[in-house]
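Below is one structure, written out as structure tokens, with a few remarks after it.
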Amino acid sequence: MLKYALTALLLLSTLMPVLVPTTAQAYFSTMDTGEVTQPGHYRTILEPQFILNKYDGVNLIGRFDTGLADDKAVRAIVGFGEVDFQLGAFYKWIPFPDSEGQPAIGGSAGVLYGRAGDETELSLRFHPLVSKHFETEIGDLTPFVSLPLGITTRDDDTFVPIQLAVGSEWKTLNWENLRFMAELGLNINKAFSYLSFGLVYEFDEASLRK
């Protein structure tokens, strides 16, 4: 069943250069909450990211999540722009789940490889994460905050980009498997500010067999 998700991700990577005319570098967004995708379940996110300073343009990023355990999951990332490309993998761990008395606390770590023009970029990423789920009259809201940071090498240069990311996930009352996300990232050190939106689709192995 994993092969169907990988096929969809490959198809997305083929279409994105055609759909997105950009010139911006775009990495580093979090687009996640403390909810953990469970084993046998899958989650895809299509994310347009609008750069607000330093670079001008838009990127389109595809994400694919699957669970390893109740508190652990993995994520694959592929993203494209007119001159940009990124590919990454992340490991997510939420040791403190969302409960009545506390928010979900944890984070993810991984590696991103990017290509922008003639420059190659490799970034070791850390995304600490806090989120809290709320039930409302318009559906389930899960606001989150993250401090995405990393150690990045670009050709002969090494630097530490840091941002503050705040956002929320919205699960409407009308669609069980479809969710929406929004995230604002603010530059703190050697990074950029951005606004991202996400279309989230969740499915499991049983739905693949239908």
Glu176 versus (1) more than 20 Å from Gly34 (Cβ to Cβ); (2) touching a residue at least 12 places away in the same chain (Cβ under 8 Å): which is the lone unmet condition? (2)
Which residues, taken from the range 100-114, are closer than 19 Å to Glu169 by Cα, crowded, with 19+ Cβ neighbours inside 10 Å and of a type in the set (A, V, I, L, M, F, W, C)? Ala104
Number of the condition not met by Pro128 [criteria: (1) under 14 Å from the mean Cα position of the chain (by Cα); (2) over 24 Å from Asp71 (Cβ atoms); (3) without any contact (Cβ under 8 Å) to a residue 24 or more places away in the chain]: (2)
Quick check on the range 117-132: of everything there that is acidic (Asp, Glu) and either in a strand (DSSP E or B) or buried (at least 16 other Cβ atoms within 10 Å of the Cβ) (or both), which residue is modelled with the highest pLDDT? Glu121
Residue among Thr37, Thr7 that is modelled with pLDDT of 80 or more and hydroxyl-bearing (Ser, Thr, Tyr): Thr37
When the residues of the range 50-99 are filtered to those that are modelled with pLDDT of 90 or more and of a type in the set (S, T, N, Q), which remaining residue is surrounded by the most Cβ atoms within 10 Å (Cβ to Cβ)? Thr66
For the range 133-173, which strands (runs of 3 or more DSSP E) that fit wholly inside it have 1 or more residues that are under 21 Å from the mean Cα position of the chain (by Cα) and of a type in the set (Asp, Glu)? 139-146, 162-171
Of everything in the range 179-210, what is over 30 Å from Asn53 (Cβ atoms), out of contact with any Phe, Trp or Tyr (no Cβ under 6 Å at 6 or more places or on another chain) and part of a strand (DSSP E or B)? Give them in sequence order. Tyr201, Glu202, Asp204
Where the second residue is in a loop (DSSP other than H, G, I, E, B) and at pLDDT 95 or above and the first is more than 17 Å from His41 (Cα to Cα) and lies in the range 59-82, which pairs have Cβ atoms under 9 Å and are six or more apart or on separate chains? Ile61/Met31
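The values are calculated or read from the model by the stated rules, or taken from the named source; none is laboratory data. Since we're looking at a predicted model, the values are computed, not measured. Backbone-built Cβ (ideal geometry, glycine too); neighbour counts: all protein chains shown.
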